[in-house]
Amino acid sequence: MTATHAAPALRHPGLAEFGMLILLALVWGSSFLFIKIAVSNGVPPLTLATLRIGIGAVVLLTVAKLRGQAFPARTAHEGRPGGPALWARLIFLGIIGNSLPFFLIGWGEQFTPSQLAAILMAIIPLLVLILAHWMTHDEKLTAPKIIGVLSGFAGVVVLVGVDALNGLGAQVIGQVAILGGCLSYTCYGVNARRLPQMGSEMTVGIILGLGFLTMAPLWLILDRPWELAPSGNAIFAVLWLGLLSTAFGNWLFFTLMRRSGAAFASTNNFLVPVMGLGWGYFGYGEIPGVNAVVALALILLGLALPRLQPRRI
């Protein structure tokens, strides 16, 4: 008889899950500040993306080893996840969750204002909501969920400015690339939930490691990293992004997704721009305007509405 390794049942988000969501947004919101520090001090974007993924993989795989988490088997064994099908899915997740979106979004932002890019990224929760409805049995569309996502999206539009929407249709190739990255992240979130039950650190570490392996050849050919001379601030920024934004952030996202679903975890895309403003205030003294307060209210309303639906008994 073959053992099954089904994903655990979802729990209704409580204080712990909302705390994790805010912490995740705080960590990922810091990325804007430290990416700016790194690329302004001698680290090209492709090098930064590759290094942070590599650092994240090393950290999480080391933690997984220390915690005694088993590496997936090369062939399927009773009581232990493994086999070619699982490895193929992990490779797929490594590409769509790291290599492909990092490349598409980074490339697309060369032609797209950052404000419009933030709005396009905020489409992710809506895409996840739709995809999860068709690909899972426990994340179905409901009216409160739809209204909540639309409210959160409106909050992001208010935050970055409605004028940013005027850029839609200009430099279409960049916007298509960013939307492709968003779709890639969306597919990652829904498909990662369907993995068999394994240690979170091991699972995310392998996904990051496989993403690193797919990026490394391009990185070595294009950036020739041995010729780079980053400053001390840039090195610190790379370590921050690798240890916190990538290792801890991806682990936290995966854990939150397993606990409360891909749709709920993806709503961090509404909070990240707000947290980015906070990091900008402390890092560069950038003072948020009234629109930030209105945006935060809309985003918090968007997060609260889906949680008001009656729990299933």
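The values are calculated or read from the model by the stated rules, or taken from the named source; none is laboratory data. This one's a predicted model, so the numbers in the text were calculated from it and none came from an experiment. Neighbour counts are summed over all protein chains in view; Cβ atoms, including those assigned to glycine, are modelled from backbone coordinates with ideal geometry.
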Just name the residue that is farthest from GLY302 (Cα to Cα) out of those in the stretch 169-187 that are touching a helix residue (DSSP H, G or I) at 6+ places or on another chain (Cβ under 7 Å) and at pLDDT below 80. GLY174
The condition from (1) at pLDDT 75 or above; (2) over 12 Å from CYS187 (Cα atoms); (3) surrounded by 18 or more Cβ atoms within 10 Å (Cβ to Cβ) that LYS140 misses is numbered (3)
Give ASN269, ASN233, ASN250 a once-over and let me know the one that is surrounded by 22 or more Cβ atoms within 10 Å (Cβ to Cβ) and closer than 17 Å to ARG52 by Cα. ASN250
Note on the stretch 34-46: residues buried (at least 22 other Cβ atoms within 10 Å of the Cβ) and assigned to a helix (DSSP H, G or I) are PHE34, ALA38
Find the helices (runs of 4 or more DSSP H) located wholly in the stretch 152-269 whose residues include 3 or more that are in contact with a Ser or Thr (Cβ under 8 Å, 6 or more places away or on another chain), and list them. 172-192, 200-223, 249-260
For ALA57, are the conditions met, namely being closer than 22 Å to ARG258 by Cα and assigned to a helix (DSSP H, G or I)? yes
